[in-house]
Every structure is written in structure tokens, then in C-alpha cells.
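Participant: Have a look at the structure that comes next, please.
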Amino acid sequence: MAFLPITAAEVRARGWDQLDIIFVSGDACIDHPAFGVPLLARWLESHGFRVGIIPQPDWRSKEPFMSLGRPRLFFAVSAGAMDSMVAHYTPARKLRHDDAYTPGNRHGARPNRATIIYTSRLKEAYRDVPVIIGGLEASLRRFAHYDFWEDKVRRSILFDAKADMLIYGMGERASLEVARRLRDGEKLPEIADVRGTARIGSLPQEVPRVTLPSFEEVSASKEQFAMAFKTAYLEQNPWSARTLLQPHGNRLLVCNPPALPLSRQELDAVYDLPFEKAPHPSYREQIPAWEQIKTSITSHRGCFGGCAFCAITMHQGKTIQSRSEDSILSEIDELAGKAWFRGSISDIGGPTANMYGLSCGNPDAMKTCLRESCIFPHICRNLLTSDKRAVALLQKARQRKGVKHIAISSGVRYDLLEAQPGYFRELVGHHVSGLLKIAPEHLAEHVTELMRKPGRKAFDRFLIRFRDESDRLGKRQTIVPYLISGHPGCRLEDMLELALALKRIGLKVEQVQDFTPTPGTISSCMFHTGIDPMTGRQVYVARSDREKGLQKALLLWHQPGERAKIMEALKELGRLNDVEALLGERGGTCVTGRPAGPAPYGKSGAARTKKAR
């Protein structure tokens, strides 16, 4: 199967005189299902539509947006796999100098607020052609939202982009229904009832609805902003959600309920499409994002973890949608046949790898559930946690011809692993290449509670299990912890205690994620308002770049370049007596993952194993 056309010559080569739908994307054209634009383009193509893509057009004039001509139905606009502001700026609002979704890793191939700019150019080029916006940037900015880069509340992106419709979430159902109805003669303003869409307009009286505080109200009051966020967040259950309205001046944002999750058969059909699994052949430079995911396999969608800093609930939803074993194994066989495949699969997973095959065991409760998380603060009694499907899949996958090794790099919830002993043994025994990345994010209980993460005790239990199992197998393996600094609720002293705790248990951190408030997350709402929107409690927020920088530096105690900031932090806390404990020679290692000093849990795993023998 040929690549989807990105030039007029490629359109003509297919014998087409006009395309039905043209996607405009902030990413390079990589025909891989990990990227939303080619996935949706292939999906629509498979249903009989003529589809093309304009990747990374020069936005400084309208001409590049006219390269494929006028589409018969609509333009579909996406900023790309990332919010364009996140792609362009660091958490300190400094300009980045690279872009992993661009050939040569070059910065500058897409504009700030790409969805808005692209739509403006398309309206300039073809004023009468509908423009539908989507992708992560549009999806998470569909309501009035806090924008970290301007430090203010902005209107729904629909108003700023002046688009005709917004499709949020994963998009297969909504894009196909809209495309079919337009093909059948309906006008876009008449298509007002499609799930997973938002628009500017009115609402029939008979539709169940909830009116959010207006843009003007959430701009003026942080309490109203928190209230609006909580209401929208709790209306993400696709079976019980109501239409959400939000006035903007004398106009009305109308957001329909989320699309229903795809069935196993429907998800298989999406991932069985004939993707080339490669960048368009016109590119001559490497694209880092493709290099990272080219040998990965998506096994499922959705995440019921409910982490406060994650936007999956507002985008993919918390319902796990798993592919069949046959579909995944077939993709592995196809991957193994690629000339560039060398035997290693970089991942089989989704937002959280060990949620594959899981579901709610109470369909009636599921359709009215308002829980933020199925596993925090404890595992829901209705959650089916059996790991049999996931273990069977991994065991069969590593037996496929041409497969030498399979890593699990999409992350695991170690609190959920406590109910999945088979997956734990399979993971540690076969899918860790020396280092296992997990994300405790923090260890202070009052911080992890705000994060909706399991906390110190669950991390301690997992670390002991991991070390003991590695010892039993004779494997030299360690943990690489992912941690966040500057998260709402975290003070400077919390980061010092975290750094000291990590040193005691023998773990170093090579990278720390400085918290960035991105639209659509509970944590971002906390950052802006100082309120946990789900409980109404006040939350401390580190706002200055100085304090956030000191927090981050404390976790990088082993890097000489951070020493001055660490001393500044210790002096500010009145904890100079901890200089030796933090900066002394004794400490953690990323080689063995074992404590360098006394074992913090009594005997180390090795000592317990020896005694047992």
C-alpha cells in the first residue's frame, strides 16, 4: 500500500482530481499508528474517502495550505502529537531548540498555537471550506482553560481558531460519522449531535445538559474556574455524560458527550490498517520520534489510573480498550518482516502497560461511575485485575519468529502489580533490559495524595519485590524512577526529604520532570487556582522559577553542576547539617540499584535469600 499523498503529484498518481478530506499536521508525515493524523487518515481512507496530508506547512502564507487543492468535504487540522506550546517551551518558558517530530530534530517547523494559525491560513485560502480541528492541543483546550505560557485563562480554542467544529478524544467514531454525513449532503452547521464533538451554537431544549460557569466567570474567579473544571472532568463517563455548555460573551460553546469506546473488533480494525510504519520517503533526515517508537506495539487504549497531572481522562478516557491477541501478534509478525527490524521490540503496551485486558466487572456500575481512578486510593472492588491475558500475550509474543527481545517501556502501575503476580514475574524475568522505568513521581504522602499516586509504602513494597525477584533470577537489574518537581502541594523541604530517601534506598535520578501546567489536568487546575478542584481544599503552589529550580536541583544531588543550587536550598531550609548526608560520597547508584549504606528495610534482598538457603 502506497503512502497517503502529501503532494499534488502524488494525488494525480492515484488518478484523483480532488481529495475529499485534507489533514494539516504540525508533525512530519510518519505513517505509523502511534501518530494520530496518519491513523485517522488511514481510517477514513479505509471507508472509501480520498484523503491527503499537508505536513508541517510554512504558515507564513496561505500558499502552502493550497498545495493539495480544495477538499470536497473539509480540512482537518491538528497541531501534532504534542501541544505546540509544550513542544516549543521548557517548564521555565525558555525556547527549546529541537523538535523530535521534525526531520533533523529541528525547531521551528510549526508555529506557536499551531491549531489557531493553521485554521487562520486555511480560512484565508478557502473561506467557504469547513475546517475541523482536533488532536491533543484542540482536545484539551476545548473549554475555557488556563494557559501557563500567558499565565491567564484563555477562551475555548474554537473561538480563537474560528474553526467550524472540534473533534476531541481519539476521533475514529466522530470523524467517520461527520465525513459520512457531509458526503451524504448535510451541511456542517446541521451536524450538531455527534458524540466527541464541540461547536459554537445553540442546543435543542430536550437534550440533557449542564451549564458551566462562563468564560468571563472563570477568568475572574479561581473558585469558579475550579468548579467548572470539576464539573467537566466528572462528565467524561461516555455512558452517563451530559452535553456541556459554556457561555463566552453572547455566544455558546456546546460540547457533546464523549464518543463511546471502541469494541475489540473495532480497535483491531484500526490497527490492522496497512500502515507503512515509516516516514514518508521524501524525508532525507532522521526523525527522532519515529526512531523512538518504530518498533513499539500499541496493545490498548485508555488508563484508569487517574493521575492528577495526566490528561488521558480528558482525552482517551479511563475505559481500557484492548486489541485481540491475534491482531497484536499479526502486527509483530509484520514488524519482524521489515528490513530495518533487528529483533528488539521497544514496547508492547499503552498509557499503562499492565492494564491490557482489564475491565470493569460491573457494567451497570461502570455506566454511572464518577471515580477519578479505579486504583487510587484503593483498587475498586468492581475492577477485574486478572493478568492472564497480558501474560499469555507476552509469552506468545516473545516466541514469534525474528523476535529476540521485548521491552516494556510504556510504564507500569506498581500498585496494580500487587494484584498481578504473573505479570510481575513475566516483566522482571523477560522484559527488563537492566533498567526498569517506573514513576513514583514523589514519596511524600501529602504530595502523592494530590497526584493520585500510591505513595511511599507501595513503592517500598515494589522495590523489595523487584530486587528479590531479580536476585532469584540472578539478574543484575535496577529501577529508574521518574519524579516530578514543583508539583502543587510540594514544598522545598519535601524535595529534600525525597532526595535523602532516594539516596538511602540506593537510587539516583538522571532526569527530573519540572511540573508543567498543561490544559486538561487536575494538577494544572491546582496550579492556577491553589485549589484541589475535586475536594475544594487549598493547595500550596511553588510558582517562582527560583523555587522550582531549587526543588529540581535537590533531586540531582549527584550532578556537580547542581551543587550551588543545592547549597542555596539547604541554607534556605536551615538544613546545612544535611550537606554530608546529601552530598557525601556514600549514596545510591544506577548500576546495581542496591543501597550503598545500611539496608533501609532490615536485611537486603540478597541477605534474605542467602539466609533462606
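Participant: Within the stretch 135-152, count every residue that is within 21 Å of residue 211 (Cα to Cα) and surrounded by fewer than 21 Cβ atoms within 10 Å (Cβ to Cβ).
Facilitator: First, the residues of the stretch 135-152 that are within 21 Å of residue 211 (Cα to Cα): 138-146.
Still in the running and surrounded by fewer than 21 Cβ atoms within 10 Å (Cβ to Cβ): 140.
Of the residues in that region, 1 qualify.
Participant: If you don't mind, there's one more thing I want to ask. Just a yes or no: is a residue in the stretch 121-141 at pLDDT 95 or above, under 20 Å from residue 72 (Cβ atoms) and of a type in the set (Asp, Glu)?
Facilitator: yes
Participant: May I ask you to verify whether residue 418 is in the same structural domain as residue 346 (by TED's automatic domain parsing), acidic (Asp, Glu) and touching a residue at least 40 places away in the same chain (Cβ under 8 Å)? Explain how you work it out, then say what you get.
Facilitator: Values: in the same structural domain as residue 346 (by TED's automatic domain parsing): yes; acidic (Asp, Glu): yes; touching a residue at least 40 places away in the same chain (Cβ under 8 Å): yes.
Answer is yes for this residue.
Participant: Which of the numbered conditions does residue 177 fail, given that it passes all the others? Conditions: (1) at pLDDT below 95; (2) out of contact with any strand residue (DSSP E or B) (no Cβ under 8 Å at 6 or more places or on another chain).
Facilitator: Answer for residue 177: the failing condition is (1).
Participant: Going by what's in this entry, would residue 6 be described as within 23 Å of residue 283 (Cβ to Cβ) and either outside any loop (DSSP other than H, G, I, E, B) or under 22 Å from the mean Cα position of the chain (by Cα) (or both)? Explain how you work it out, then say what you get.
Facilitator: Details: within 23 Å of residue 283 (Cβ to Cβ): yes; either outside any loop (DSSP other than H, G, I, E, B) or under 22 Å from the mean Cα position of the chain (by Cα) (or both): no.
Criteria not met by residue 6.
Participant: A further question follows. Scanning for something part of a strand (DSSP E or B) and either within 25 Å of residue 315 (Cβ to Cβ) or in contact (Cβ under 8 Å) with a residue 40 or more places away in the chain (or both), does the stretch 56-73 turn up at least one residue? Let's see the steps before the verdict.
Facilitator: Within the stretch 56-73, the first condition is being part of a strand (DSSP E or B), and the residues that meet it are none.
Taking every residue of the stretch 56-73 in turn, none turns out to be part of a strand (DSSP E or B) and either within 25 Å of residue 315 (Cβ to Cβ) or in contact (Cβ under 8 Å) with a residue 40 or more places away in the chain (or both).
Participant: May I ask you to say which residue of 299, 322, 327 is small (Gly, Ala, Ser) and surrounded by fewer than 22 Cβ atoms within 10 Å (Cβ to Cβ)? Write out each step before concluding.
Facilitator: On the way: 299 fails: surrounded by fewer than 22 Cβ atoms within 10 Å (Cβ to Cβ); 322 fails: surrounded by fewer than 22 Cβ atoms within 10 Å (Cβ to Cβ).
Answer to the selection: 327.
Participant: How many of the residues making up the stretch 100-112 are charged (D, E, K, R) and in contact (Cβ under 8 Å) with a residue 40 or more places away in the chain?
Facilitator: Residues of the stretch 100-112 that are charged (D, E, K, R), as a first pass: 106, 110.
Right, trim to in contact (Cβ under 8 Å) with a residue 40 or more places away in the chain and you get 110.
Qualifying residue count, the stretch 100-112: 1.
Participant: List every residue pair whose Cβ atoms sit under 7 Å apart, with the two residues 6 or more apart in sequence or on different chains, where the first one lies in the stretch 229-242 and is buried (at least 19 other Cβ atoms within 10 Å of the Cβ) and the second, anywhere, is of a type in the set (Phe, Trp, Tyr).
Facilitator: Taking only residues 6 or more apart or on different chains, the pairs are 232/143.
Participant: For the stretch 332-366, what are the residues that are hydrophobic (A, V, I, L, M, F, W, C), within 30 Å of residue 418 (Cβ to Cβ) and in contact (Cβ under 8 Å) with a residue 24 or more places away in the chain? Steps first, answer last, please.
Facilitator: First, pick out the residues of the stretch 332-366 that are hydrophobic (A, V, I, L, M, F, W, C): 332, 335-336, 339-341, 345, 348, 353, 355, 358, 360, 365-366.
The next check asks that each one be within 30 Å of residue 418 (Cβ to Cβ); those that pass are 332, 345, 348, 353, 355, 358, 360, 365-366.
Listed by number, the residues that qualify are 332, 345, 348, 353, 355, 358, 360, 366.
Participant: Out of all the residues in the stretch 530-553, which are under 16 Å from residue 151 (Cβ atoms) and in contact with a strand residue (DSSP E or B) (Cβ under 8 Å, 6 or more places away or on another chain)?
Facilitator: Answer for the stretch 530-553, where residues must be under 16 Å from residue 151 (Cβ atoms) and in contact with a strand residue (DSSP E or B) (Cβ under 8 Å, 6 or more places away or on another chain): 530, 548.
Participant: Let me ask you something else. Considering only residues of the stretch 227-281 that are basic (Lys, Arg) and more than 22 Å from the chain's Cα centre (by Cα), which is nearest to residue 44 (Cα to Cα)?
Facilitator: Here is the first cut: in the stretch 227-281, the ones basic (Lys, Arg) are 230, 242, 251, 264, 277.
From what is left, the residues that are more than 22 Å from the chain's Cα centre (by Cα) are 242, 251.
Values: 242: 28, 251: 32 Å.
Selected residue: 242.
Participant: Can you find a residue that is surrounded by fewer than 20 Cβ atoms within 10 Å (Cβ to Cβ) and part of a helix (DSSP H, G or I) anywhere in the stretch 526-546?
Facilitator: Yes, the stretch 526-546 contains at least one residue that is surrounded by fewer than 20 Cβ atoms within 10 Å (Cβ to Cβ) and part of a helix (DSSP H, G or I).
Participant: Does the stretch 397-404 contain any residue that is at positive phi, over 24 Å from the mean Cα position of the chain (by Cα) and assigned by TED's automatic domain parsing to the domain that holds residue 334? Reasoning before the result, please.
Facilitator: Applying the first criterion (at positive phi) to the stretch 397-404 yields 402.
Then drop every residue that is not over 24 Å from the mean Cα position of the chain (by Cα), which leaves 402.
This time we only want the ones that are assigned by TED's automatic domain parsing to the domain that holds residue 334, so: 402.
Checked against the condition, which is being at positive phi, over 24 Å from the mean Cα position of the chain (by Cα) and assigned by TED's automatic domain parsing to the domain that holds residue 334, the stretch 397-404 yields at least one hit.
Residue-wise test of (1) surrounded by fewer than 23 Cβ atoms within 10 Å (Cβ to Cβ); (2) over 21 Å from residue 137 (Cβ atoms); (3) under 26 Å from the mean Cα position of the chain (by Cα).
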site	(1), (2), (3)
12	yes, yes, no
21	no, no, no
33	yes, no, yes
38	no, no, yes
55	no, no, yes
75	no, no, yes
102	no, no, yes
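Participant: Among (1) touching a His at 6+ places or on another chain (Cβ under 9 Å); (2) among the β-branched types (Val, Ile, Thr); (3) closer than 15 Å to residue 277 by Cα, there is one condition residue 332 misses while meeting the rest; what is its number?
Facilitator: With respect to (1) touching a His at 6+ places or on another chain (Cβ under 9 Å); (2) among the β-branched types (Val, Ile, Thr); (3) closer than 15 Å to residue 277 by Cα, residue 332 is out only on (1).
Participant: Is it the case that the stretch 286-305 has a residue that's farther than 30 Å from residue 233 by Cα and free of Cβ contacts under 8 Å to residues at least 12 places away in the same chain?
Facilitator: Yes, that holds for at least one residue.
Participant: Hey, another quick one. Do we have any residue at all in the stretch 206-225 that's modelled with pLDDT under 95, within 30 Å of residue 49 (Cβ to Cβ) and not charged (D, E, K, R)?
Facilitator: Yes, the stretch 206-225 contains a residue that is modelled with pLDDT under 95, within 30 Å of residue 49 (Cβ to Cβ) and not charged (D, E, K, R).
Participant: Now for a different question. Could you identify the single residue in 229, 304 that is aromatic (Phe, Trp, Tyr) and within 30 Å of residue 403 (Cβ to Cβ)?
Facilitator: Values: 229 fails: within 30 Å of residue 403 (Cβ to Cβ).
Exactly one residue qualifies, and that residue is 304.
Participant: Still on this structure: When only residues in the stretch 493-511 that are surrounded by fewer than 20 Cβ atoms within 10 Å (Cβ to Cβ) and not small (Gly, Ala, Ser) count, which is nearest to residue 309 (Cα to Cα)?
Facilitator: Step one: filter the stretch 493-511 for residues surrounded by fewer than 20 Cβ atoms within 10 Å (Cβ to Cβ), giving 493, 497, 500-501, 504, 510-511.
Subset that is not small (Gly, Ala, Ser): 493, 497, 500, 504, 510-511.
Working: 493: 21, 497: 21, 500: 24, 504: 27, 510: 21, 511: 18 Å.
Per the stated criteria, the residue is 511.
Participant: Would you point out which residue out of 87, 81, 109 is touching a Phe, Trp or Tyr at 6+ places or on another chain (Cβ under 9 Å) and buried (at least 23 other Cβ atoms within 10 Å of the Cβ)?
Facilitator: Values: 81 fails: buried (at least 23 other Cβ atoms within 10 Å of the Cβ); 109 fails: buried (at least 23 other Cβ atoms within 10 Å of the Cβ).
Selected residue: 87, the only one of 87, 81, 109 that is touching a Phe, Trp or Tyr at 6+ places or on another chain (Cβ under 9 Å) and buried (at least 23 other Cβ atoms within 10 Å of the Cβ).
Participant: Tell me yes or no: at least one residue of the stretch 308-331 is in contact (Cβ under 8 Å) with a residue 12 or more places away in the chain and either among the basic types (Lys, Arg) or in the same structural domain as residue 99 (by TED's automatic domain parsing) (or both).
Facilitator: The answer is yes, given that some residue of the stretch 308-331 is in contact (Cβ under 8 Å) with a residue 12 or more places away in the chain and either among the basic types (Lys, Arg) or in the same structural domain as residue 99 (by TED's automatic domain parsing) (or both).
Participant: Now for a separate question. Find the residue count for the stretch 412-431, including only residues that are under 21 Å from residue 475 (Cα atoms), surrounded by fewer than 21 Cβ atoms within 10 Å (Cβ to Cβ) and either touching a Gly at 6+ places or on another chain (Cβ under 8 Å) or of a type in the set (A, V, I, L, M) (or both).
Facilitator: Here the count works out to 0.
Participant: Among the listed residues 485, 386, 373, which satisfies the condition of being at pLDDT 95 or above, assigned by TED's automatic domain parsing to the domain that holds residue 548 and among the hydroxyl-bearing types (Ser, Thr, Tyr)?
Facilitator: On the way: 386 fails: assigned by TED's automatic domain parsing to the domain that holds residue 548; 373 fails: assigned by TED's automatic domain parsing to the domain that holds residue 548.
None of the others qualify; the one that does is 485.
The values are calculated or read from the model by the stated rules, or taken from the named source; none is laboratory data. Because the structure is a prediction, the values reported are computed rather than measured. Neighbour counts run over all protein chains shown; Cβ positions are idealised from the backbone, glycine included.
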